[in-house]
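To start, the structure under review is shown below, and the notes come after it.
The values are calculated or read from the model by the stated rules, or taken from the named source; none is laboratory data. It should be emphasised that the depicted structure is a prediction, and the values quoted were computed from it without experimental measurement. Every residue, glycine among them, receives a Cβ derived from its backbone with ideal geometry; neighbour counts consider all protein chains shown.
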Amino acid sequence: MTRDKKEVGMEQSKIILSEKEIPQAWYNIQPDLPEPLAPALHPKTFKPLGPQDLAPLFPMELIKQEVSQERWIDIPDEVLDVYKLWRPTPLHRAYRLEKALGTPARIYYKNESVSPPGSHKPNTAVAQTYYNKKEGVKRIATETGAGQWGSALSFACNLFGLKCTVYMVKVSYQQKPYRRVLMETWGSEVHPSPTNSTNAGRSILEKDPECTGSLGIAISEAVEDAVTHDDTKYSLGSVLNHVLLHQTVVGLELKKQLKLAEEKPDILIGCVGGGSNFAGFCFPFVKDKLQGKKIQIIACEPEACPTLTRGPYRYDFGDTACTAPLVKMFTLGHSFVPPPIHSGGLRYHGDAPLMCLLVNKGIIEARAYHQNPVFEAAVLFARTEGILPAPETAHCIKAAVDEAKKCKETGEEKCIVIAFSGHGHFDLAAYDAYLGKKLEDYAYPEEKIKEALAAIPSIG
Ligand SMILES: Cc1ncc(COP(=O)(O)O)c(C=O)c1O
């Protein structure tokens, strides 16, 4: 006698691919965009950047990927070999969350938290480190805020035998030591930024010896370190086209997994800091949407850093010191000072130009959330599905919960997929603050946005 799978509690909870099914090529969305991407501009001349402008910072292969019009870019065997340490990542069906919500919606999450550093970041860290090594680079310099990106790059550099120098925003270095310890365990040198070893750091410390640092300052220090050392390049963990490209392994695997589950996604939801995990997750589906498939794609951000929901779409500098190129994006102004919310990875003033173009065209929609409801959703997720989400990830869990509740009202059986970008095991202080009712909601003031926008050069 055959029994219904549901009856015996044997519904498939995880959809797992074999290692042979790791995608062999990354998907480059550039040739499929509804209009060409506006070029990145030189920070001094405001003229379009050429490859030679970027050569002191990045290996040539990454510069080529940045502007490539090839739809598919092969993933090198050496990169695939490292991906196999944790890829393919599982796609989970969130049965227990569905049950707690009493929703007819089917909720899935693509779990990038299973990587050794605990997030999606190594998908690009491994690729970037590989190309640096291939071109003879001996050391990579980077910045990190709370430490997610720094730990992913440390992990990758350690595996490929490159040195790694991380400029970590001083306040995080002092207050959140465990990510630093992880980076040091993988062999990196971690400096509290601002340091006394770069001109950028020294000039800040001269003015303010007690300065606790910012991502903008740490970027300036890492860039200066790279351009003043022949054997060293710089690496960025989000925003740039090649970073988003490397993250498409996530969405390409997801496509195969949904097919195995005989599902078609109605709603794809991710969180956005610079846009890399969200883009990697949804770009392979954007292609389908542009060809007429009906898919709702939702980007989630904090109310405290409402780039996509309240910033204008225009050219701005990538960093505070105006030394990074200008790109066309939604922006809160490069002098934006992030308020102290707990989602360290979602506090950048701009967003990836590729994603911004699609938001501007209405193909992707954006929503902003306060941190208390975000943590409420995170705790519900932890109590039902077991995994403690990163505060960044919790933003899209909040959106998924809202959508699932709407389905409960309408009776619609929608298929909702969450980009589960990372776990929150290093963010327990944030959970402690939430559970102790000490978290404050904060919407970024309109006057501050206006003030910061007034300082942006008017281009195009
Ligand atoms: C877990 C996690 N999710 C999301 C983000 C946001 O970055 P991105 O928008 O580049 O994916 C970060 C950034 O540090 C992160 O650590």
### Task
Only residues that are part of a helix (DSSP H, G or I) and charged (D, E, K, R): list them for the stretch 113-170, please.
LYS133, LYS134, LYS170
### Task
Quick one: which residue in GLU206, GLU189 is under 18 Å from HIS229 (Cβ atoms) and among the acidic types (Asp, Glu)?
GLU189
### Summary
In the set LYS448, LYS406, LYS398, the lone residue that is assigned by TED's automatic domain parsing to the domain that holds GLY345, basic (Lys, Arg) and within 24 Å of HIS120 (Cα to Cα) is LYS398
#### Entry: Pair list, Cβ under 7 Å, 6 or more apart: the stretch 272-294 residue among the hydroxyl-bearing types (Ser, Thr, Tyr), other residue near the ligand (Cβ under 6 Å from one of its atoms)
SER276/SER238
### Breaking point among (1) more than 19 Å from ALA443 (Cβ to Cβ); (2) modelled with pLDDT of 95 or more; (3) buried (at least 24 other Cβ atoms within 10 Å of the Cβ); (4) of a type in the set (A, V, I, L, M), for LEU326
(2)
### Set LYS99, LYS133: member being in contact with a helix residue (DSSP H, G or I) (Cβ under 9 Å, 6 or more places away or on another chain), exposed (fewer than 14 other Cβ atoms within 10 Å of the Cβ) and not β-branched (Val, Ile, Thr)
LYS99
### Query
So, in the stretch 191-200, of the ones that are under 16 Å from THR232 (Cβ atoms) and not polar (S, T, N, Q), which residue ends up modelled with the highest pLDDT?
HIS191
### Query
Any idea which residue in the stretch 353-402 is surrounded by the most Cβ atoms within 10 Å (Cβ to Cβ), counting only those that are over 26 Å from TRP149 (Cβ atoms) and aliphatic (A, V, I, L, M)?
VAL401
#### Entry: Residue list for the stretch 267-307, restricted to those being touching a strand residue (DSSP E or B) at 6+ places or on another chain (Cβ under 6 Å), within 11 Å of the ligand (Cβ to nearest atom) and either β-branched (Val, Ile, Thr) or within 17 Å of TYR369 (Cβ to Cβ) (or both)
GLY270, CYS271, VAL272, ASN277, PHE278, ALA299, CYS300, GLU301, THR307
### Query
Of the residues that sit in the stretch 12-41 and are part of a loop (DSSP other than H, G, I, E, B) and free of Cβ contacts under 8 Å to residues at least 12 places away in the same chain, which one is farthest from LEU254 (Cα to Cα)?
PRO39
### Task
Check every one of the helices (runs of 4 or more DSSP H) wholly within the stretch 358-455 and list those with 3 or more residues that are in contact with a Cys (Cβ under 6 Å, 6 or more places away or on another chain) and of a type in the set (Lys, Arg).
none
### Query
Restricting the stretch 171-183 to residues that are surrounded by 18 or more Cβ atoms within 10 Å (Cβ to Cβ) and either touching a Leu at 6+ places or on another chain (Cβ under 7 Å) or assigned to a helix (DSSP H, G or I) (or both), which is modelled with the lowest pLDDT?
SER172
### Task
Specify which of the listed residues (VAL181, VAL114, VAL126, VAL169) is within 18 Å of HIS423 (Cβ to Cβ), within 16 Å of the ligand (Cβ to nearest atom) and β-branched (Val, Ile, Thr).
VAL114
### Task
From (1) within 24 Å of TYR173 (Cα to Cα); (2) within 16 Å of the ligand (Cβ to nearest atom); (3) at pLDDT 85 or above, pick out the condition that doesn't hold for HIS334.
(2)
### Query
If LYS64 satisfies every condition in (1) without any contact (Cβ under 8 Å) to a residue 40 or more places away in the chain; (2) assigned to a loop (DSSP other than H, G, I, E, B) but one, which is the exception?
(2)
